[in-house]
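Report on one structure; see the data block that follows.
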Amino acid sequence: MNRTLACALLLLCSAALFFGCVQLAPDDDYRPLAAAVLAVQEASNPTALILPSPTPTPAHPLLCSNCNGTGRLGDGRVMVPCPICEGRGTVGAAQRPKTSLPIAEVNTVDTISRPPRVQCLVFLCDACPPCHALWDEIEQKLPAAGWKVGESADCVIRAVRQESDPDDLTGRYRVRTFPTLVLLVDGCEVRRIVGRISAVELSHRLAVLQKSGR
C-alpha cells in the first residue's frame, strides 16, 4: 500500500513539473521540491544505491584527503600509516621523493690552499736555538708589516719543521743546515739564505721580490 502511494505521488510530481503546473521563477529555490522527489524515489525503491557523501577536502592544499592530514588510519585502537601519503599527512609537493640539495658549482682552484706568488720557506729544527730565535722574531714583527706568517701552504712566510714535514720539503730542497730560508717566485727558488737573518732584512727582500719578481 505504501509503495503504491509513493508511486502515485511520484507520478503526480513528475506530471506537475512536465506540464507546468508547478512553475519556478529563476530566483526560486527548487531544493525543497527536489528533496521531496528524492524522498519519494527512495520510498518507492528501498534497494536503491545510496552513494556516500564525499570526504570534505582539507583546507590546506597539501594535506592528505584520505587521512585528513593525520597520516594514520584506524579505529583509534589499531592505527596504520596512510597508504596515500605514507604516513606523512601531506601529498603533492611534499610527497615527492627527497632528493639531495643541488650542489653549487665550486671552483676547486680557488678553494684549494695555494701558495702565494712570492714565498719564503723557513726551514727549522726543534733542537736548534737559532731557529727558535729567528721564528720568534718573525712571528712578532712581520705580521704587523702585512706579511702572512704561519705553517700553511698559503702563507708568504711559511715555517717548515724538520720533525713534521709531510711534504718532505726539507728533502726536496736539500736542506742540511738550520735555519735555512729559501725564497721562491712562482714556485721556483731564486734566493737561499743559510743562517739567521733579521726580520727587517727578510721583509725588505720579500718586498723587492714582489716588485721585481727576481
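Once both labels are positioned 7 Å from their Cα atoms along Cα-to-Cβ, the gap between Ala145 and Asn68 label points is 7.9 nm. Local charge for Ala127 was computed over the other residues whose Cβ lies under 15 Å away, with Lys and Arg +1 and Asp and Glu -1, and equals -1. Taking all protein chains as shown and a probe of 1.4 angstrom, Ile84 keeps an accessible surface of around 90 Å². Label zone (His204, point 7 Å along Cα-to-C-beta; backbone nitrogen cut-off 18 Å) within region 155-181: 181.
Amide H to amide H, with H built 1.01 Å from N, Val118 comes under 5 Å of Asp186, counting only residues 5 or more places away or on other chains.
The values are calculated or read from the model by the stated rules, or taken from the named source; none is laboratory data. Everything quoted here is computed from the prediction, not taken from an experiment. Cβ coordinates were reconstructed from backbone atoms using ideal geometry, including for glycine residues, and neighbour counts include every protein chain displayed. Calculation scope for accessible area: heavy atoms of the full protein, side chains included, ligands and nucleic acids excluded. Shrake-Rupley method; radii C 1.70, N 1.55, O 1.52, S 1.80 Å.
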